[in-house]
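Asks: Next up is a structure, given as structure tokens.
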Amino acid sequence: MNNKLLITICLLLGTLFSCTPQQGQKTLVEPYAEGKPYTRWWWFASEIHEKDIKYQLEWLKENGFGGVEIAWVYPMRGDSTIKHPKWLSEEWAASVNYAKRTADSLGLGCDFTYGTLWPFNAFDLPEEYGSRSFYQQESPADRTLTWDHPRKARIINHLDKQAFAYYAAQMDQGLKDAYKGSKSGIFVDSWEVETRHLWTAGFGEKFQERFGYAIEPLMDNLYQPGNEDVYYDYMTLLSDYVLYDFYQPFTEHAHTQGAFSRAQCGGAPADLLTAFMLVDVPETEAILYEPNFGRIPASAAALAGKEVVTSETFTCLYGWRKWGGKGPHQDEEQVADMRLIADALFANGTNQIIWHGMPYNEQGKGKNDNHFYASVHVGPDSYFKDQLKEFNDYMAKVSRYMRKGRVYSDIALYLPLEDSWMGVEYPDSLQMPWVWGEYELRYVFAPNYLQGYQPLWVNAKVLSEAHVTNGIMHYGDLQFSALAVDVEWLDLTALRQVLRLAKEGLPVVMAREPKQPGKNKSEEFARLYAELMQLEDVSVSSEEVLTQKPLLEGEDLPDFWCRQDGEELYIFLANPVAKNLKYPLRYGQAFEDQGSQRTLVVNTKAGAQPLQLNFKPNESLLLKVTKDGKVEILDLGFAAKKIAE
């Protein structure tokens with residue numbers, strides 16, 4: 001064989017085996033595998049150059065990031081004269097495909113927001129597939145802040161799986177080559193569709209069939225006091241539409257493309273726990289959603305056997321300002337303040353941080369931050385650039401520990417969904433420009449008598465699929481020694497399941513006597529409740545029911561999250577000042593902490609282990625508990641430094 005032929009064969013083989021793997025082959029990058037933070041990568045509508053894509057991805061790799069989520073938004077400053085490739089065109093796709101291949105070559109993950117801005121919208125979406133309210137005969141095409149601004153787009157009807165299918169076919173045509181290589185997530189942001197009087201064809205007929213009365217004559221007063229029972233029935237049916245015409249098809253469709261679904265279900269008018277269980281990667285956000293909300297997606301992930309819980313992080317940490325200007329202290333963010341948020345998220349079940357975020361920039365030019373009002377700026381010129389990699393390494397380390405084994409479970413706590421639907425609107429003190437309804441479940445916490453336990457939220461669906469053996473409730477790989485129901489309202493279907501489980505031997509705390517929600521009342525409710533309260537292991541008193549000791553005992557316990565890896569436990573305790581963080585943070589809030597101590601007991605299988613914990617200012621702790629009861633404090637190795645103003 002001559003040398004020229006040998007070289008030709010080698011080049012052909014090299015091309016064959018070095019090319020990006022096709023769909024169905026082994027992935028190059030396991031998504032989120034190392035726990036390294038991702039960043040949302042904002043592509044403002046403009047010409048996108050390969051050299052700049054490569055430069056930014058290489059910079060991310062060097063600074064401890066694990067991947068990106070590309071998000072396509074409006075032209076900078078809303079300037080429609082800026083030259084850019086048409087949405088989903090071949091030129092547009094070429095840049096996306098290059099970004100995906102380059103990310104693969106660097107060992108970075110690459111997810112995609114499944115559309116331009118949010119919520120899902122399309123420029124040529126047929127009117128019949130558009131979102132509408134009860135009072136709209138036609139769905140408006142008025143979405144202009146998109147990649148092709150000011151071209152008008154129409155928001156899809158999230159209550160119609162056919163509308164999603166039409167929309168998805170367009171998106172997949174643009175992303176078909178970007179799906180190749182490592183597995184990518186397709187992402188839907190928090191629900192930003194008008195929810196008042198939300199409607200779809202056939203809703204009235206289904207409502208009549210299900211509840212036995214017409215909803216149409218009652219829609220005018222749906223949100224008025226005295227109509228809570230009607231609103232509850234409306235939300236019950238609306239939830240089913242959202243779950244099974246949007247979130248379930250969204251996940252199923254992702255799988256047909258060799259991708260996976262990632263979703264912020266927050267704000268959706270639905271049974272949120274079930275919604276988060278239906279997606280592959282449930283995502284919370286902070287701090288427009290406060291960290292306590294993260295226990296809902298974290299519980300859903302544990303129940304559904306999902307390993308990763310992500311969070312859009314550091315959004316508007318010092319406050320929010322309308323489009324057209326910077327938020328308070330934007331470009332002056334203190335790493336210590338951001339660590340407070342990250343640690344609060346970890347202590348509520350998050351184990352993968354996604355920065356919010358990094359704009360596409362041309363190398364050597366000024367940063368694209370004009371009108372980038374909702375985001376901490378990630379880039380070589382970040383205000384906190386000198387601490388960025390060390391901070392990323394810290395978050396990656398905690399994330400990896402919070403993936404070991406499985407989520408530790410002890411108490412099942414019933415999520416007060418019925419209370420939220422019967423409550424209708426938040427009081428004025430809890431409303432914000434983007435928050436009005438109790439259905440969002442933003443302000444739910446475990447009751448004080450469960451302090452020291454790690455309760456996971458459950459709902460009627462979970463109870464219906466659980467079983468009890470020897471007094472322990474089993475759901476998937478999780479085990480619960482008791483069920484706590486501390487609500488004002490309880491659906492009849494849920495009460496039936498509580499009674500069934502109690503009869504099978506599960507201890508139940510019925511902290512309050514609940515009432516039946518909805519317009520149609522049943523005599524069965526009172527009978528079942530009376531029967532339930534006659535059972536030996538059912539009581540209004542937690543002291544009579546909870547025979548298992550809490551994992552931690554002590555005064556003023558910090559927020560914590562625990563993982564169980566075989567016979568070992570890993571307990572992350574957030575710094576006490578990170579407990580119950582509220583939006584917005586005060587600038588430099590983390591530096592108000594002077595350090596603190598906590599005396600507590602860790603209840604292990606080998607017995608109670610007393611412990612004195614010293615929290616240094618702005619630092620959290622990670623405990624390892626061995627099978628013989630030894631408690632070790634693991635070194636997390638990071639202290640944020642104050643950046644001089």
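The values are calculated or read from the model by the stated rules, or taken from the named source; none is laboratory data. Source: prediction; values computed, not measured. Neighbour counts run over all protein chains shown; Cβ positions are idealised from the backbone, glycine included.
Asks: Can you say whether A201 is under 27 Å from D124 (Cα atoms), surrounded by 20 or more Cβ atoms within 10 Å (Cβ to Cβ) and not assigned by TED's automatic domain parsing to the domain that holds K519, as far as the supplied structure shows?
Replies: Taking the combined requirement at face value, the residue does not satisfy it.
Asks: Follow-up question, since we're still on this one. Residues in segment 55-73: is at least one among the polar types (S, T, N, Q), part of a loop (DSSP other than H, G, I, E, B) and modelled with pLDDT of 95 or more?
Replies: Within segment 55-73, one or more residues are among the polar types (S, T, N, Q), part of a loop (DSSP other than H, G, I, E, B) and modelled with pLDDT of 95 or more.
A quick yes/no check of all residues on (1) closer than 25 Å to V602 by Cα; (2) free of Cβ contacts under 8 Å to residues at least 60 places away in the same chain; (3) not in a strand (DSSP E or B):
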| residue | (1), (2), (3) |
| --- | --- |
| L463 | no, yes, yes |
| V468 | no, yes, no |
| A484 | yes, no, no |
| Q497 | no, yes, yes |
| R500 | no, yes, yes |
| G518 | no, no, yes |
| K521 | no, yes, yes |
| A526 | no, yes, yes |
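Asks: Determine the pairs where a residue that is without any contact (Cβ under 8 Å) to a residue 40 or more places away in the chain, located within segment 562-578, has a partner that is surrounded by fewer than 22 Cβ atoms within 10 Å (Cβ to Cβ) with Cβ atoms under 8 Å apart, the partner being 6 or more residues away or on another chain.
Replies: Listed by first residue and then by second, the contacts come to P576/D556; P576/S596; P576/R598; P576/F615.
Asks: Same structure again: Being touching a helix residue (DSSP H, G or I) at 6+ places or on another chain (Cβ under 8 Å), more than 21 Å from V540 (Cα to Cα) and at pLDDT 95 or above is true for just one of V444, V485, V407. Which residue is that?
Replies: Of V444, V485, V407, the one residue that is touching a helix residue (DSSP H, G or I) at 6+ places or on another chain (Cβ under 8 Å), more than 21 Å from V540 (Cα to Cα) and at pLDDT 95 or above is V407.
Asks: With the requirement that a residue be among the hydroxyl-bearing types (S, T, Y), over 12 Å from L317 (Cβ atoms) and touching a residue at least 40 places away in the same chain (Cβ under 8 Å), what does segment 579-600 give you?
Replies: Across segment 579-600, the qualifying residue is only T599.
Asks: Follow-up question, since we're still on this one. Quickly run through segment 605-626 and pick out the residues that are modelled with pLDDT under 95 and either aromatic (F, W, Y) or in contact with a Leu (Cβ under 9 Å, 6 or more places away or on another chain) (or both).
Replies: Residue satisfying the conditions is N618 alone.
Asks: Out of D337, D410, D343, D419, which single residue is under 30 Å from Q224 (Cβ atoms) and touching a residue at least 24 places away in the same chain (Cβ under 8 Å)?
Replies: Only one candidate qualifies: D419.
Asks: A follow-up question, please. Report yes if some residue within segment 97-110 is under 20 Å from the mean Cα position of the chain (by Cα) and assigned by TED's automatic domain parsing to the domain that holds T144; otherwise report no.
Replies: yes
Asks: Quick one: would you say Y231 is at pLDDT 95 or above, among the aromatic types (F, W, Y) and either surrounded by 24 or more Cβ atoms within 10 Å (Cβ to Cβ) or under 19 Å from W436 (Cα atoms) (or both)?
Replies: yes
Asks: Here is a further query. Could you check how many residues of segment 181-192 are part of a loop (DSSP other than H, G, I, E, B) and at pLDDT 95 or above?
Replies: Total satisfying the criteria: 7.
Asks: Still on this model: What is the number of the single condition among (1) out of contact with any strand residue (DSSP E or B) (no Cβ under 8 Å at 6 or more places or on another chain); (2) of a type in the set (G, A, S); (3) in the same structural domain as S89 (by TED's automatic domain parsing); (4) not in a helix (DSSP H, G or I) that A178 does not meet?
Replies: (1)
Asks: Determine whether segment 288-302 contains at least one residue that is modelled with pLDDT under 95, touching a Ser or Thr at 6+ places or on another chain (Cβ under 9 Å) and more than 18 Å from V398 (Cα to Cα).
Replies: Yes, some residue in segment 288-302 is modelled with pLDDT under 95, touching a Ser or Thr at 6+ places or on another chain (Cβ under 9 Å) and more than 18 Å from V398 (Cα to Cα).
Asks: Run down S139, S80 and say which single residue is over 25 Å from G379 (Cα atoms), polar (S, T, N, Q), touching a helix residue (DSSP H, G or I) at 6+ places or on another chain (Cβ under 7 Å) and in a loop (DSSP other than H, G, I, E, B).
Replies: Unique residue meeting the criteria: S139.
Asks: For segment 166-204, which positions are basic (K, R) and touching a Ser or Thr at 6+ places or on another chain (Cβ under 6 Å)?
Replies: If the condition is that a residue be basic (K, R) and touching a Ser or Thr at 6+ places or on another chain (Cβ under 6 Å), then K180, K183 are the ones that fit.
Asks: Going by the structure shown, is W457 of a type outside the set (D, E), closer than 30 Å to M235 by Cβ, at pLDDT 95 or above and part of a strand (DSSP E or B)?
Replies: In short, yes.
Asks: Is it fair to say R400 is touching a residue at least 40 places away in the same chain (Cβ under 8 Å), at negative phi, out of contact with any helix residue (DSSP H, G or I) (no Cβ under 9 Å at 6 or more places or on another chain) and surrounded by fewer than 17 Cβ atoms within 10 Å (Cβ to Cβ)?
Replies: yes
Asks: So, one more: Evaluate segment 427-440: report whether one residue or more is out of contact with any strand residue (DSSP E or B) (no Cβ under 8 Å at 6 or more places or on another chain), of a type in the set (S, T, N, Q) and within 30 Å of E543 (Cα to Cα).
Replies: No, because not a single residue in segment 427-440 is out of contact with any strand residue (DSSP E or B) (no Cβ under 8 Å at 6 or more places or on another chain), of a type in the set (S, T, N, Q) and within 30 Å of E543 (Cα to Cα).
Asks: Is it the case that some residue within segment 93-113 is touching a Ser or Thr at 6+ places or on another chain (Cβ under 6 Å), surrounded by fewer than 22 Cβ atoms within 10 Å (Cβ to Cβ) and assigned to a helix (DSSP H, G or I)?
Replies: yes
Asks: Also: Given the structure, is A446 aliphatic (A, V, I, L, M), assigned to a loop (DSSP other than H, G, I, E, B) and over 19 Å from E285 (Cβ atoms)?
Replies: yes
Asks: Can you list the strands (runs of 3 or more DSSP E) lying wholly within segment 542-645 that have 2 or more residues being under 20 Å from Y453 (Cβ atoms) and of a type outside the set (G, A, S)?
Replies: Those strands (runs of 3 or more DSSP E) span 552-554, 560-565, 568-573, 596-604, 607-615, 621-625.
Asks: So is W421 on the phi < 0 side of the Ramachandran plot, surrounded by 21 or more Cβ atoms within 10 Å (Cβ to Cβ) and either touching a Phe, Trp or Tyr at 6+ places or on another chain (Cβ under 7 Å) or small (G, A, S) (or both) or not?
Replies: It is true that W421 is on the phi < 0 side of the Ramachandran plot, surrounded by 21 or more Cβ atoms within 10 Å (Cβ to Cβ) and either touching a Phe, Trp or Tyr at 6+ places or on another chain (Cβ under 7 Å) or small (G, A, S) (or both).
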